[in-house]
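Asks: Here it is, the structure, as structure tokens.
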Ligand code: 13P
Ligand code: SF4
């Protein structure tokens, strides 16, 4: 197939020999090309299992900044690949499927956000990592769900802050830091979907279970939670807890690592409003497959590129976040 057709499809759609051992072939290609595979916790279990690093968005950025590999294959969504490329501009950054976007990043177009920022002079702009490079370029400091609270608290109480794009995370940080940050009205289609009624039903059916929720969930869901935290924080909490059963209100991919680290515990995915599957998958994250990962490494396609002018500005708030996180021991 021609490259123009790959471009239309968004990935290297080449037939793969049915007899090939994909895991072995991916590992060989990785070695041959000095490539590293980094996967977010929301990837499929088989991608998480073959990755060199599996983590949340903060960890992925930290690893991308430090790697000595020539190629980074970022098994996650587009903004994660962009962040890796901005931090490691000399590396080739690949993503198995270029269509792996993010509804939250899409809810914050750079032109509109830039206008909003201009309309509020004197405000410090804090943006969640789930944004395009162009939004980061008009941002003072980037945060992830792991460090958002601590970074916001590193500013004086009376600092005027714009926080974008996730209104749920923003509201949550406002409540736990007792602030009144000005919020962009964006949201993630996965985390907004969790059903309060179904979680209440699950709690009644499993009175011994704790509810764990990501701060991108609506406040009505967070109100039901015994613990609120980033993907990595939910994982850590569930592993260290003396409790054995958890209802998990975040993308279902994290259950793979939870179950791996605590095989004797029970993890129940919190259901979304309109689904019969009982799980909650990010359709973007799950576009990446083992087959696409193999072709991506083999053909070194699709590659993430970031405009040099945008990257020059976007790197500053990302590095600022990494520096503060390091000082905070994160
Ligand atoms: P984390 O910061 O927990 O990795 O979250 C990223 C994300 O995309 C949540 O939907
Ligand atoms: Fe974006 Fe939501 Fe998917 Fe996370 S789960 S990548 S915020 S769409």
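Asks: Quick one: work out the % antiparallel among DSSP beta bridges in the chain, nearest 5.
Replies: The antiparallel fraction comes to roughly 5 percent.
Asks: Can you say what percent of the DSSP beta bridges in region 188-327, counting only those with both residues inside, are antiparallel? Round to 5.
Replies: 10
Asks: Considering only C-alpha atoms, what is the centroid distance from region 36-84 to region 18-32, in Å?
Replies: Comparing the Cα centres of region 36-84 and region 18-32, I get a distance of 18 Å.
Asks: What length, rounded to one decimal in nm, is gained on full extension from residue 16 through to residue 208, with 0.36 nm per residue of separation minus their alpha-carbon distance?
Replies: 64.4 nm
Asks: So if each residue of separation counts as 0.36 nm, and I subtract the Cα-Cα distance between residue 2 and residue 115, what length gain in nm does that give?
Replies: So the extension gain works out to 36.7 nm.
Asks: So, one more: Using 0.36 nm times the number of residues separating residue 303 and residue 33, minus their current alpha carbon distance, what extension gain do you get?
Replies: Contour length minus the Cα-Cα distance gives 95.7 nm.
Asks: To continue, here is another question. Please state the relative contact order of the chain as a whole percent: Cα pairs under 8 Å, 6+ residues apart?
Replies: Taking the mean separation of contacting Cα pairs over the length of the chain, I get 23 percent.
Asks: When you count, for each residue, the other Cβ atoms within 10 Å and take the mean per peptide, how do 246-253, 26-33 rank with the highest first?
Replies: Packing order, densest peptide first, comes out as 246-253, 26-33.
None of the figures in this text is laboratory data; all of them are computed from the coordinates on show. Quantities reported herein were computed from a predicted structural model and do not represent experimental measurements. Cβ sites come from the backbone with ideal geometry, for glycine too, and all protein chains shown count toward neighbours.
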